[in-house]
1. Give me the net charge of LEU62's neighbourhood, meaning all other residues with Cβ under 12 Å from the Cβ of LEU62; Lys, Arg count +1, Asp, Glu -1.
2. Among ASP128, ASP212, which comes first, second and so on when ranked by fewest other beta-carbon atoms within 10 Å?
3. Given H placed 1.01 Å from N in the peptide plane, which residues other than close sequence neighbours of VAL63 have an amide H under 5 Å from its amide H?
4. Return an integer: the convex hull volume of the alpha-carbon atoms of the chain, in Å³ per residue.
5. By how many nm would the segment from ARG150 to ASN116 grow when fully extended, if each residue of separation counts as 0.36 nm and the alpha-carbon distance is taken off?
6. Calculate for the chain the 222 nm mean residue ellipticity that helices alone would give, adding -39,500 (n - 2.57) per DSSP H run of length 4 or more and normalising by residue count, nearest 500 deg cm²/dmol.
7. Could you let me know the centre-to-centre spacing of the range 220-286 and the range 59-124, using Cα atoms, in angstrom?
8. From the backbone phi of the range 201-207, what are the Karplus-calculated ³J(HN,Hα) couplings (6.51 cos²θ - 1.76 cosθ + 1.60, θ = phi - 60°) in whole Hz, Gly and Pro given as x?
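Readers should treat all values here as calculations from the given coordinates under stated rules, not as data from a laboratory. The model shown is predicted, which means the values in this text are computed figures rather than measured ones. Because the Cβ atoms are built from the backbone with ideal geometry, glycine has one as well, and the counts that use them run over all protein chains shown.
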Amino acid sequence: MSNSIMTHRFYFSSETISLIRKHAGATFVIKYGGSVMKNEVVQCNVIEDIALLYSLGIKIILVHGGGYAIDAWLKRLNLHPEFENGVRITDAPTVEVVEMVLSGQVNKKLVSLFNNVNIPAVGLSGKDANLVVAFPISKKSGNFTGRVSRVNAGVLHTLTSNGFLPVVSSVASNSSGVTYNINADTVASSIAAAMQADKFILLTDTPGILVDVNKPETLMKDLNVEKIKKLKSDGIVKDGMIPKVDSCLHALGNDVKAAHIIDGRLRYSLLHELFTCNRSGSMIVL
């Protein structure tokens, strides 16, 4: 199915009904980020599609980034973003901006959008109820980029079992209360692993895993862990795709059944990926 058709309509079929029944009651952890969040129309479309999944009886946990908004605020404050292997390097002034933007601005906007379509969303950061406990990614002092030490899955089980949709920002603290910015792909993967989710889904600004990033027709739809490792060693998976595929591998290595990388810019791409055999993105399994 071409992307031009996919962006305009989604057809229910007998195949779709079967897959809806299969997924009912399942737990999906969805990471939402990248330039998919920039466009207001696209953002509303994504919220509507996730709301449909919720209404079909799927338990959804949404983990979000917001790098575009962070960078905009850093520019206003004359601070310069730095990255290493696709991961943001966070100094003391930057971590304050990150928390303000992700937990105070982006998170609450997403919660409001869900509430506007009658989905009872609850906004959280990793700090709430020690949902995510962090530790530093580096021993260098002044670097407040973190990794996930542990996830308190009980908080999320309580919320999803009572009909709430958690919306989680990727800011967390360590056992001493020091704030860390964690890559949202990593947080989402760790949450998926802790929840033993049925699916871990990355909504991105790329069609999926491509042999040639300049040729969407080279999309690889079905991959396994061994193939991903070879693509990394061959340099096909590189730059910002590295933390994405690493998060998928981590989830799969911790009892998550399948990981998906999908272009969230395309209308109904999430529904096509989940409810048709002619999927829209890349699926990775063990």
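1. On the way: positive: LYS31, LYS59; negative: ASP49.
Summing Lys/Arg as +1 and Asp/Glu as -1 gives +1.
2. Working: ASP128 18, ASP212 10.
Least crowded to most crowded, the residues run ASP212, ASP128.
3. Long-range HN contacts for VAL63: ILE30, LYS31, TYR32, VAL168.
4. Details: hull volume 36.0 nm³, N = 286.
Hull volume over Cα atoms, normalised by residue count, gives 126 Å³.
5. Numbers: separation 34, 0.36 × 34 = 12.24 nm, distance 3.24 nm.
Between ARG150 and ASN116, full extension yields 9.0 nm more.
6. On the way: 11 runs with 107 residues, N = 286.
Helix-only estimate at 222 nm: -11000 deg cm²/dmol.
7. If you average the Cα positions of each part, the centres end up 23 Å apart.
8. Karplus values, whole Hz, x for Gly and Pro: 10, 9, 8, 10, 10, 9, x.
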